[in-house]
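The values are calculated or read from the model by the stated rules, or taken from the named source; none is laboratory data. As the structure is a computational prediction, the values presented were derived from the model and not from experiment. Backbone-built Cβ (ideal geometry, glycine too); neighbour counts: all protein chains shown.
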Amino acid sequence: MGKILSRHGENNDREKWIDIIRDLACCISLKRPREVQPICTILNKSLKSHQKVQREAAAASLSEYIRHCDGVPALLEQMVEGMCLHVSDESPIVRSLCLRGLVQIPKSQMPHYIPQVLGVIMALLEDHDESVQLTAVQCLLAVLESAPTDVVGPILINLSIRLRNLQISLNAKMRSNAFAAYGALSECATSIEQQAFLEQVHATLPRLILHLYDDDLSVRQACRNTFKKLVPLMGVDGLSSINTKQYFNSDCRNDYEDFLRDLTRQLGQFLASKVGAYLAAVIQAFDAPWPIIQANAIYFSSCILTLPEDQRSLAHYHLQVVSVLVGKMSQSPDTVVRATCSFSLGLLLKSSFPHMWTLPTDPDRDDSSKTLEE
């Protein structure tokens, strides 16, 4: 303990002090296990303190001590009750630490508490503080690893809706965790909930496809992993084969565009009834806060609109998309958006008037893509 304090004793950063408190709690649990129970009893009372700093310190300690209460069921129950009561504390630090503590319940005891913990997570996914929301998503990922499907089933749809809302966060860490958690959640969909969850998958798929080429590499990887988990639920063999192609795991924009073209053909062939809904969702991303996602949406929408079998059914979107492309091509400050608008507009015009328009040559397209990547 002395080494821990001497190493960090003059640090005034609150987050660092929380780490120090947890390190001390771990040290005491290992070196003086007999003192854990009386200490936790005192700390549990400190969660009710009027002073925020005392509640934060107590929550930090308890979130570590709880891992070492496997052999004391009465104490564990008391700690779980205290933490559940304070996940609505006015301090976001207390809320986050209490939730982290609940996820640290010993594995042998966790099955008994999983429904309670999932209920807390679901509530905090809608917390007004982003740091608490992020903690909730991360904790959900941890709990889903061991949660029985029959426990997750009743709240499957509610969890999926909350995760979808977090997938458009400006925080890249939030986006990557929210997409990853969605993939983990899909593995809990049993035959009873699968049809309802499948509708959620169709609603999420366009956004997932767009973020496969997110600015952040961790988001890209999370989306790839989740895409692989969701595709089998859709029952389309052609989509599963896309996962194995070189372009799926590539970080090159040309490869991503190849992926979009192949994917669009598969969607048009096997999920034609959903293509209109996909396009409507993609169009909403034209005003996304990330230029790269705008560009992805523009290119994806043009691929959909040039599907031969869907041109009549999607005709009412054509003018809307062309109008947006013309506007963004002249007004967007981002090179990737302007270049994608120009090329996509060519695709749409060639599709509408094949006898009057021709596409740019492949070398020119390759050169423009290389310029964008540079």
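Overview of results
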| item | result |
| --- | --- |
| Yes/no for S29 being surrounded by 11 or more Cβ atoms within 10 Å (Cβ to Cβ), within 24 Å of V117 (Cβ to Cβ) and modelled with pLDDT under 85 | yes |
| All positions within the stretch 64-77 that are closer than 10 Å to C40 by Cβ and surrounded by 16 or more Cβ atoms within 10 Å (Cβ to Cβ) | Y65, I66, H68, C69, L75, L76 |
| Subset of the stretch 44-63 (residues that are part of a helix (DSSP H, G or I), surrounded by fewer than 24 Cβ atoms within 10 Å (Cβ to Cβ) and either without any contact (Cβ under 8 Å) to a residue 24 or more places away in the chain or in contact with a Cys (Cβ under 9 Å, 6 or more places away or on another chain) (or both)) | K45, S46, V53, Q54 |
| P333 surrounded by 17 or more Cβ atoms within 10 Å (Cβ to Cβ) and modelled with pLDDT of 90 or more | no |
| Matching entry among D70, D89 (being closer than 22 Å to L124 by Cα and among the acidic types (D, E)) | D89 |
| Residue match in the stretch 106-117 (condition: in the same structural domain as R95 (by TED's automatic domain parsing) and under 17 Å from P92 (Cβ atoms)) | no |
| Counted residues, the stretch 76-105 - those being out of contact with any His (no Cβ under 8 Å at 6 or more places or on another chain) and either over 17 Å from K48 (Cα atoms) or charged (D, E, K, R) (or both) | 10 |
| Test: residue in the stretch 311-318 that is on the phi < 0 side of the Ramachandran plot, out of contact with any helix residue (DSSP H, G or I) (no Cβ under 6 Å at 6 or more places or on another chain), charged (D, E, K, R) and modelled with pLDDT under 95 | yes |
| Evaluation of E90 against (1) modelled with pLDDT under 95; (2) surrounded by fewer than 16 Cβ atoms within 10 Å (Cβ to Cβ); (3) within 25 Å of Q133 (Cα to Cα) (one fails), failing number | (1) |
| Listing of helices (runs of 4 or more DSSP H) fully contained in the stretch 213-315 that carry 1 or more residues being exposed (fewer than 14 other Cβ atoms within 10 Å of the Cβ) and in contact (Cβ under 8 Å) with a residue 12 or more places away in the chain | 217-234, 253-270, 272-284 |
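Yes/no matrix, rows are residues, columns are (1) of a type in the set (D, E, K, R); (2) surrounded by fewer than 17 Cβ atoms within 10 Å (Cβ to Cβ); (3) more than 18 Å from L118 (Cα to Cα); (4) outside the structural domain of L267 (by TED's automatic domain parsing):
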site: D150; (1), (2), (3), (4): yes, yes, no, yes
site: P154; (1), (2), (3), (4): no, yes, no, yes
site: N158; (1), (2), (3), (4): no, yes, no, yes
site: R164; (1), (2), (3), (4): yes, no, no, yes
site: K173; (1), (2), (3), (4): yes, yes, yes, yes
site: A189; (1), (2), (3), (4): no, no, no, yes
site: A196; (1), (2), (3), (4): no, yes, yes, yes
